[in-house]
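The values are calculated or read from the model by the stated rules, or taken from the named source; none is laboratory data. All values reported here derive from a predicted model rather than from experimental measurement. What goes into the accessible areas is simple: the full protein's heavy atoms, side chains included, and nothing from ligands, DNA or RNA. Shrake-Rupley method; radii C 1.70, N 1.55, O 1.52, S 1.80 Å.
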Amino acid sequence: MQKMSRSGAPGELRLDALIADLWWRVRLLNTDILEEEARARVFDVNQPTYPLLALNLRTRRDNLVSTIGVLEQRAKSMSEAA
């Protein structure tokens, strides 16, 4: 987890904490994806036998990464405005 400055506004601190938590969840999803691929012994997403659970986890992870990008932009604009 990233260190947070105490000089930032409370909203910035909460946003930084949310972003850090979401990155932690992305790492968990990555682990779950790897475990599911190993269990099925299929690692190529283009294979017809690629596990459906791994595909769903990938979609969830990609959505989280997209959300994190938006939140990081918001945090950047908040810090520039301060």
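In the chain, what percent of the accessible surface is made up of carbon and sulfur (1.4 Å probe, ligands and nucleic acids excluded)?
54
Just by accessible area at a 1.4 angstrom probe, what is the order of 70, 42 from largest to smallest?
Reading off the accessible areas and sorting them downward yields 70, 42.
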Note, region 48-59: 3J(HN,Hα) by Karplus (6.51, -1.76, 1.60, θ = phi - 60°), whole Hz, Gly/Pro = x, goes x, 8, 4, x, 4, 4, 5, 4, 5, 5, 4, 4
When a/c reaches 1.5 or more, the comparison of a/b and b/c decides; with that in mind, is the chain rounded, prolate or oblate per its Cα gyration tensor? prolate
Can you give me the accessible area per residue for the chain, using a 1.4 Å probe, in Å²? 74
